[in-house]
Amino acid sequence: MTQLTDKEIDQEVERQLSILAFGTVEVTPLDEFKKMLRHSIANNKPLRVKCGIDPTNTDVHIGHMVPYSKMRTFQDLGHIGVVVIGDYTAQIGDPSGKNESRPALTLEKVRDNAAKYMDQVYTVLDKSKTEIRYQSEWFGDKNLMDILKWAAQTTVAKLVHHDTFKKRLEEGNALGLHELFYPVLQGKDSVFIKADVELGGSDQKFNVLMGRDYQKDEGQRPQVAMLLPLLMGTCGVNKMSKSLGNYIAVFDQPFDKFGKVMSIPDNMMANYAQYAVGMHPQEYDVFVADLTAEKIHPNEAKKQLASKVVAKYHGAEVGQAMRAQFEAVFAKGQLPDEIEEFKFTVGAGLLATMVEAKAAPSNSEARRLVTQNAVSVVDGDKLSDPNLKLDDSFRGKVLKIGKKKFLKLI
């Protein structure tokens, strides 16, 4: 391999920095990251880029994929992605920013969730440049003395200044001693895998910086924290959340993904271009400039975004095909080529069926759709009775739910 000159190294550092820092909330410390990049490029030594997951469930939405999209950018530049499966921290129960502890899970359930989670993460990551590491690899043989030594490397005062812990205490809510070990364990992960960079949401800064502290104590070069924004939901008001029903799931059907992107408010298009699609900085700048100068109609811009979101998870051909289907369905009144099928139970309630088929996130949302006349049988009547029981006459019928969701009952 040809040795790069100092000038060529500096140019490559600036090139990678402009790509990797694009769309981040914070890179800290930035000067250390520049030095880290330079050493990596000069010595042809890939950076080890960490992102941890607590597989407390199996459903992943595209908001969860923002840090993994950044990890893929690192991989495309020749670096290594290290996904840490929190099979220990998930058993503790991540505080998760709420006022109560998240329920702890069994190891068996955690491992099962992790396998399903990674199936979805690999829709974005380069599998050949990804390491999967389980916390049990390094925590499994540790004893009480090890844990007490780790505890001695931080202070209670520091831990209770964590925003989540502080809020819980101020509001008089319970805070278990075991929960204080969550950021400790996440910090120790970075020591054991020798992370150079840790990716996390903007709400994860405290935990990510814990890794720097523990690496310093072990004489390692401390990792750089790269913090990323929380993707807004399709409503354009709150962050993407399954509980709010404003999410796009990784395993949603391509047509559903396309339709959900088409439903976002116009003022969210730049946000989705940057974080849901992960546009290259130059492409993003052109896209936003065209929108601002009204060189492109918002509806056309949204179709381009929707195609790119679908292409990210299913391939470019599928992205274009979903655009064609969408235009056929809503311009010509046709049905999509592929409609999700659901085996319903005769006598089951309409609302329960919608929730079970994941056509609505909750019973209350299903009721809202029905009472607002947003549910109908294709080429048939509106279904406006929330107490409706489905009889055998519904078998084979296609329900239209909202503006863009279709469900065939079998």
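The values are calculated or read from the model by the stated rules, or taken from the named source; none is laboratory data. What you are looking at is a predicted structure, and each value in this text was computed from that prediction instead of being measured. Here the Cβ positions follow ideal geometry from the backbone for every residue, glycine too, while neighbour counts run over all protein chains shown. Heads up: the accessible areas ignore ligands, DNA and RNA and are worked out on the full protein's heavy atoms, side chains in. Shrake-Rupley method; radii C 1.70, N 1.55, O 1.52, S 1.80 Å.
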Item checked: Residues satisfying the stated conditions in the stretch 240-254, i.e. open to solvent by less than 30 Å² (accessible area, probe 1.4 Å), within 13 Å of A359 (Cα to Cα) and in contact (Cβ under 8 Å) with a residue 40 or more places away in the chain -> I248, A249
Next item on the list: Provide a single number: the residues in the stretch 271-290 that are more than 29 Å from E338 (Cα to Cα) and either among the aliphatic types (A, V, I, L, M) or open to solvent by 60 Å² or more (accessible area, probe 1.4 Å) (or both).
Entry: 7
Check: Do we find a residue being over 30 Å from V121 (Cα atoms) and among the small types (G, A, S) anywhere in the stretch 315-324?
Finding: no
Notebook entry, point to check: Picking from K142, K167, which residue would you name as being closer than 24 Å to G63 by Cβ and of a type outside the set (A, V, I, L, M, F, W, C)?
Noted result: K167
Item checked: Odd one out for Q223, checked against (1) open to solvent by 20 Å² or more (accessible area, probe 1.4 Å); (2) in contact (Cβ under 8 Å) with a residue 24 or more places away in the chain; (3) within 30 Å of L148 (Cβ to Cβ) -> (1)
Notebook entry, point to check: Does Q11 count as free of Cβ contacts under 8 Å to residues at least 40 places away in the same chain, open to solvent by 30 Å² or more (accessible area, probe 1.4 Å) and outside any helix (DSSP H, G or I)?
Noted result: no
Next item on the list: Return yes when S307 is in contact with a Lys or Arg (Cβ under 6 Å, 6 or more places away or on another chain) and of a type in the set (S, T, N, Q) and no when it is not.
Entry: yes
Notebook entry, point to check: Do you know which of the residues in the stretch 174-214 that are over 21 Å from the mean Cα position of the chain (by Cα) and among the basic types (K, R) is farthest from V84 (Cα to Cα)?
Noted result: R212
Note to self: For the condition surrounded by fewer than 18 Cβ atoms within 10 Å (Cβ to Cβ) and in contact (Cβ under 8 Å) with a residue 12 or more places away in the chain, what is the one hit in L388, L369, L305, L350?
What the structure shows: L388
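On the given criteria, is F342 out of contact with any His (no Cβ under 8 Å at 6 or more places or on another chain) and closer than 13 Å to L390 by Cβ?
The answer is yes for F342.
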Next item on the list: For Y214, state whether it is under 28 Å from S190 (Cα atoms) and either in a helix (DSSP H, G or I) or touching a residue at least 24 places away in the same chain (Cβ under 8 Å) (or both).
Entry: yes
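Taking the residues in the stretch 363-410 that are hydroxyl-bearing (S, T, Y) and not in a helix (DSSP H, G or I) as candidates, determine which candidate is nearest to I264 (Cα to Cα). Spell out the reasoning first.
To start, the set of residues in the stretch 363-410 that are hydroxyl-bearing (S, T, Y) comprises 364, 371, 376, 384, 393.
Retained after the next criterion (residues that are not in a helix (DSSP H, G or I)): 376, 384.
Details: S376: 22, S384: 25 Å.
Here the residue is S376.
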Check: So, of the residues in the stretch 226-239 that are open to solvent by less than 10 Å² (accessible area, probe 1.4 Å) and at pLDDT below 90, which turns out to be nearest to the chain's Cα centre (by Cα)?
Finding: L231
Next item on the list: Taking S364 as meeting all but one of (1) in contact (Cβ under 8 Å) with a residue 12 or more places away in the chain; (2) farther than 16 Å from L407 by Cα; (3) of a type in the set (S, T, Y), write down the number of the exception.
Entry: (1)
Check: List pairs: first in the stretch 117-135 and closer than 18 Å to I193 by Cα, second in a helix (DSSP H, G or I) and not β-branched (V, I, T), Cβ under 6 Å, 6+ apart or cross-chain?
Finding: K129/Q75
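Conditions (1) open to solvent by 80 Å² or more (accessible area, probe 1.4 Å); (2) of a type in the set (D, E, K, R), marked per residue:
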| position | (1), (2) |
| --- | --- |
| T292 | yes, no |
| K295 | yes, yes |
| G319 | no, no |
| Q334 | yes, no |
| K358 | yes, yes |
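How many of the residues in the stretch 44-80 are assigned to a loop (DSSP other than H, G, I, E, B) and on the phi < 0 side of the Ramachandran plot? Even if it seems obvious, please write down each step before you answer.
The first filter runs over the stretch 44-80 and keeps only residues assigned to a loop (DSSP other than H, G, I, E, B), leaving 44-47, 54-60, 62-65, 77-79.
Checking the rest, the ones that are also on the phi < 0 side of the Ramachandran plot come to 45-47, 54-60, 62-65, 77, 79.
So the count comes out to 16.
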Checklist line | D6 vs. criteria surrounded by fewer than 19 Cβ atoms within 10 Å (Cβ to Cβ), among the acidic types (D, E) and more than 28 Å from K260 (Cα to Cα) | finding: yes
Notebook entry, point to check: For the stretch 125-167, how many residues meet the condition of being open to solvent by 70 Å² or more (accessible area, probe 1.4 Å), among the aliphatic types (A, V, I, L, M) and in a loop (DSSP other than H, G, I, E, B)?
Noted result: 1
Check: Taking into account only those residues within the stretch 38-91 that are basic (K, R) and more than 30 Å from L177 (Cα to Cα), which is surrounded by the fewest Cβ atoms within 10 Å (Cβ to Cβ)?
Finding: K45
